[in-house]
Amino acid sequence: WKEEVRSFLMSAAALWCDKYHVDGLRIDAVSNYIYWGGDKNRGTNEGGLAFLRRMNYYLSVHFPEVMLIAEDSSDFPMVTGSVEESGLGFDYKWDLGWMNDTLAYFSIDPVFRKYSHNKLTFSMMYYYSERFLMPLSHDENVHGKKTIIDKMWGSYEQKFAQVKVLYMYMYTHPGKKLNFMGNELGMFREFDETRENDWFLLDYSRHAAFARYFKDLCTIYAHYAAFSESDFTYDGFKWIDADNSKDSIYSFYREDEKEYLLCVMNLTPAQYEEYDFGVPQSGTWTEIMNSEKDIYNGCNMCNFEKVKTFKVKEDTKFQNHLKLRLAPFAAVWMTCPKRKPRAKKGE
């Protein structure tokens, strides 16, 4: 509450932006600013709220290119709302619910995943309440928690297959992405600030293939605007089937003005030569990425040819369907350009 304390903290934050040119500031444990002692039952800390609003407002004015990120586990509203509208003024809020649910799901034996199917769908129930950033951060790679790849269920090979699905899911899910260094190498050793990353892993074919996979994932993500353009609007993401717990298969699509991007994930060891999905548009769909492609040390059970839709009458949601090849523990991206609306007569 004291002005001299606020002034000192604001100056310290501005120093990092002004003199050290940081890309962003992540404010830790924001719930402890919002509530007395971080306890919601003790009420809000109005001094903490006033400080956050003032700091974020002036940082945004003087350093508009710097991201302001809240590490916040509370349900306090408008953490990423503008200060002018009584929000706290952060650009992004860490989606800790998504992180916890997703990593918990991938640690479950596939036989029992059908009972936790909603762990990968629940995030979209609250997603549009804030501007979320999806963190697989330093917190998840230290203190005996295991690294991201080591959290996956199964054998060494199965962990690699599933972590590839995890990252395709992460990159297709709305929201900005944060990935901690070393995850892209498939490191099994937890982070240690006294050592550099295990670059020697790239001498091993499976790790080298995973690093290539990660690079290609980022390249494709950056190339297709639909993956990020409508992250915070309702029209950018649609479920195709969010309830297929029997097979533990998830399907949804992203879209922009130009195209549809379909994502299908198979989270069991079962494989399918022709799995039937509804899609939002008829035409020809092209596979642009498959986590089980041979260059990523996968089984190469891919959709090598373009896939044409067919009509069905039974599906009330999607009249057009696709049949895709799905490998065990695989994720697939398919794309289809949007058709231009037919011109009316006389136009």
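The values are calculated or read from the model by the stated rules, or taken from the named source; none is laboratory data. Here the structure is a predicted model, which is why all the values come from computation and not from measurement. Every residue, glycine among them, receives a Cβ derived from its backbone with ideal geometry; neighbour counts consider all protein chains shown. Each accessible area value is taken on the protein alone, full model and side chains, heavy atoms only, with ligands, DNA and RNA left out. Shrake-Rupley method; radii C 1.70, N 1.55, O 1.52, S 1.80 Å.
Filtered by the rule that a residue be in contact with a Gly (Cβ under 7 Å, 6 or more places away or on another chain) and either open to solvent by 50 Å² or more (accessible area, probe 1.4 Å) or not in a loop (DSSP other than H, G, I, E, B) (or both), the range 168-201 gives 191, 201. Scanning the range 247-276 for residues that are over 19 Å from residue 339 (Cβ atoms) and open to solvent by 10 Å² or more (accessible area, probe 1.4 Å) yields 247, 268, 269, 270, 271, 272, 273, 274, 275, 276. So which residues in the range 70-103 are touching a Phe, Trp or Tyr at 6+ places or on another chain (Cβ under 6 Å) and farther than 19 Å from residue 123 by Cα? 83, 89 - these are the residues of the range 70-103 that are touching a Phe, Trp or Tyr at 6+ places or on another chain (Cβ under 6 Å) and farther than 19 Å from residue 123 by Cα. Elements of the type strands (runs of 3 or more DSSP E) sitting completely within the range 19-132 and holding at least 1 residues that are of a type in the set (A, V, I, L, M) and buried (at least 18 other Cβ atoms within 10 Å of the Cβ): these cover 24-27, 67-70.
Quick check on the range 218-246: of everything there that is in a helix (DSSP H, G or I) and of a type outside the set (A, V, I, L, M), which residue is most open to solvent (accessible area, probe 1.4 Å)? The qualifying residue most open to solvent (accessible area, probe 1.4 Å) is 234. For the range 277-291, a tally of residues being part of a strand (DSSP E or B) and under 25 Å from the mean Cα position of the chain (by Cα) returns 9.
All of 222, 161 fail the test of being over 25 Å from residue 258 (Cβ atoms) and among the small types (Gly, Ala, Ser), apart from 161. Listed by first and then second residue, the pairs linking a residue in the range 5-19 that is without any contact (Cβ under 8 Å) to a residue 24 or more places away in the chain to a residue that is assigned to a loop (DSSP other than H, G, I, E, B), with Cβ atoms under 6 Å apart and 6 or more places separating them unless they lie on different chains, are 16/22.
Listed by first and then second residue, the pairs linking a residue in the range 284-302 that is of a type in the set (S, T, N, Q) to a residue that is open to solvent by 50 Å² or more (accessible area, probe 1.4 Å), with Cβ atoms under 6 Å apart and 6 or more places separating them unless they lie on different chains, are 284/306; 284/308; 286/306; 297/206; 300/294.
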